[in-house]
Structure formats: C-alpha cells, structure tokens
Amino acid sequence: MVRRVFFLLLWVCLSGIRIQAQEINPLKQDELAISEIYKQILAETSYSRRDSLNAYFYRLLKEVLGKPGSFNYPFDSIRIGKLKSADSKFRVFTWNIPEPGGYHSYFGFMQVRRDDGSIKLIELVDGRDSINDPKNERLTATRWMAALYYQLADFKTDGRAAYILLGYDFNNLFTSKKIIEVLTFDANDYPIFGLPVFNVDGKYSISRVVFEFNARAGMVLKYLENSKMLVFDHLAPSRTEFTGDFQHYGPDGSFDGFKLEGNRWVYVRDLDLRNPHKAKPKPVKAPVEIKEPGFLYKPASTRKSK
C-alpha cells in the first residue's frame, strides 16, 4: 500500500513537471540563452573575443526575432535597447560594442508590422562613416546614423505617421552625441531616417538634430508627452575660440526645445522648466553670445567614428 501511494505521488509530480515544461514559451528558452551570451559580452575584456561573442549574439537574436510571436514577446532579460511604437507599427532593438581607441560599433534590428499582420525583420547597418551631412541626409537601414535609442514618440506629418527617436552615441574619447532622429516608412514598409521637419528661427529646415559635446559632460534630451515638446540642455563652448569644436561644449544651465506645431517641430529658446514651488534657476552665462544653436555647426575636426 505504501509503495502504491509512493508511486502514485511520483507519477503526479512527474506529470506536473511535463505539463509545466509543455507550457513554457519556446521564446523564453531562446531569451535565456541569448541573455546569457550578452552577459558574457559585457564581462569580456578582450576585444577580439567580445567581437566573436557579439557575432554569435547577433546571429541568434536575428533568428529569434524572425520567429512567430516574437513581435509581442518582451525579451525583458536581454539588457539592450528595446522600444515599441504606441501604434504597434514597429519595434527596434539597438546595442553597442566598445572598440579600441575609444570608438564604438553599433548594431540594430527593426521588426515592422505589415498591414496584413505579418512581420518584416530589418537589419540596421552602422553607416556613420559615409554620412557627410547628418543634419540633412535621408538615410536607409543599410546606411544608419547609429545610436542607442532610449525614447520614442509619434506624430503626424503631411497626413502620415512619423516617429521621433532619441538616441545616444558614445562617439569617441573626446565627444559624445545625442540625436533626434525622424523615422517614416516607405510604401514597402522599409524605414527611412530623416525628414525636414525641424524649423529653426524660420531660416533653417533640417532633417535630423545632432548634439555633440564633451565626453565627460552629461546632457539632458527628452520628450515631454504632455506638452508635445522635445527639451534639452543648451550647449555652449567654454571659450569663444572653441566655437564649433565640440570637445569643449557642455550645458550652460539653460534649456531649449522643439515644440510640435502642426506637423513641424519649431525651435524654442530659454525654456522655463523650473518646479513652480521653487525659484527660477539662474543659467550660467555662456562665454560667447551665439545667435545660432550649436547643432547647426559642423565639428572642427573631420575625424569620424569607426
């Protein structure tokens, strides 16, 4: 009798384990495997071994993102950039790998939902070396102004959906960059980066905003949903003669922004972002009065990221 009870309990336990195993989402198993590889990448100190691990990580992630159900699966344990549009049109994944000399390589995938519900997987290829006019060029997925995307917002322009992507680029040992990117899709659901929707003082219409500043400085760039506004630190050079040499740029204590007006983003100076219960802060006066914002200048150095 005791043996019968024992075997009955054992059968119940094993049956429960089999049922639980059957209920595990196969994507969960994929996620755990990919997450473990990424942890190894972060812990690796050898550049060559890290690149090899990243190549393996890239192949596995590409394979998994092509599987049914992956578009709605969170992949929470994989600590790379993951953003999804509010209308569920697309999802974007971005990450970076440090390289010798202070440079970084960037990688990305985009899942795009077609009208029929199917998902198109698109590889984002770092094309920074070939971009000569980042403020105005329209780019494709194979020539991507690479960055780690951390915030996404949607808006309408000329009756079609468009999206703002805020990104960070470590760039090099001397400067970092933050980027306001505009994303639209063509008739075949391929991404197009860049659109002339940024209006600066009624004189300039640019397709992309790139801020460059000292690598040891921090810069605020964020989207405020309630006010439909992009806000950011005003960057200024530490001395007059450094105008346009962005390794000497940093926040001066004041804030500027772009406000959505119709289907355009209009540049606004000297925003008051104070807490209403506190006194207005006094911005640090820049050492030189610059009428045009720094993001309209080209870097003093022509050296490009790797």
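The values are calculated or read from the model by the stated rules, or taken from the named source; none is laboratory data. Remember, it's a predicted structure, so these values are computed and weren't measured experimentally. For neighbour counting, all protein chains shown are included, and Cβ atoms are generated from backbone atoms with ideal geometry for every residue, glycine included.
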Qualifying residue in the stretch 90-100 (condition: farther than 30 Å from PHE174 by Cβ and either touching a residue at least 24 places away in the same chain (Cβ under 8 Å) or in a strand (DSSP E or B) (or both)): yes
statement: In the set ARG160, ARG113, ARG143, ARG138, the lone residue that is of a type outside the set (Phe, Trp, Tyr), under 30 Å from VAL200 (Cα atoms), over 16 Å from the mean Cα position of the chain (by Cα) and at pLDDT 95 or above is ARG138
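Taking the stretch 212-229 on its own, how many of its residues are surrounded by 17 or more Cβ atoms within 10 Å (Cβ to Cβ) and within 17 Å of ALA153 (Cβ to Cβ)?
The total comes to 3.
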message: Can you tell me how many residues within the stretch 108-160 are aliphatic (A, V, I, L, M) and closer than 16 Å to LYS62 by Cα?
response: 8
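Could you list, in sequence order, all residues of the stretch 192-217 that are part of a loop (DSSP other than H, G, I, E, B) and at pLDDT 95 or above?
Once the filter is applied, which keeps residues that are part of a loop (DSSP other than H, G, I, E, B) and at pLDDT 95 or above, the stretch 192-217 yields GLY194, LEU195, PRO196, VAL197, SER207, ARG208, ALA215, ARG216, ALA217.
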- prompt: Name the pairs whose Cβ atoms lie under 7 Å apart, with the first residue in the stretch 227-244 and under 16 Å from GLU292 (Cα atoms) and β-branched (Val, Ile, Thr), the second surrounded by fewer than 17 Cβ atoms within 10 Å (Cβ to Cβ) and modelled with pLDDT under 95, and 6 or more positions between them or separate chains?
  reply: THR240/PRO287; THR240/VAL288; THR243/VAL288
Residues of the stretch 171-194 satisfying the condition of being buried (at least 19 other Cβ atoms within 10 Å of the Cβ), more than 16 Å from LYS89 (Cβ to Cβ) and of a type outside the set (Gly, Ala, Ser): ASN171, ASN172, THR175, LYS177, LYS178, ILE179, ILE180
message: Please go through (1) out of contact with any Gly (no Cβ under 8 Å at 6 or more places or on another chain); (2) touching a residue at least 24 places away in the same chain (Cβ under 8 Å) for TYR149 and return the number of the only condition it doesn't satisfy.
response: (1)
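Each row is one residue, and each column tells you yes or no for (1) under 22 Å from the mean Cα position of the chain (by Cα); (2) in a loop (DSSP other than H, G, I, E, B); (3) not aromatic (Phe, Trp, Tyr).
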{"position": "LYS28", "(1), (2), (3)": "no, no, yes"}
{"position": "GLU31", "(1), (2), (3)": "yes, no, yes"}
{"position": "GLU36", "(1), (2), (3)": "no, no, yes"}
{"position": "ILE41", "(1), (2), (3)": "yes, no, yes"}
{"position": "SER48", "(1), (2), (3)": "no, no, yes"}
{"position": "GLU63", "(1), (2), (3)": "yes, no, yes"}
{"position": "SER77", "(1), (2), (3)": "yes, yes, yes"}
query: Can you tell me which residues in the stretch 136-186 are touching a Ser or Thr at 6+ places or on another chain (Cβ under 8 Å), closer than 21 Å to VAL231 by Cβ and either part of a loop (DSSP other than H, G, I, E, B) or acidic (Asp, Glu) (or both)?
result: ALA147, ASP154, ASP169
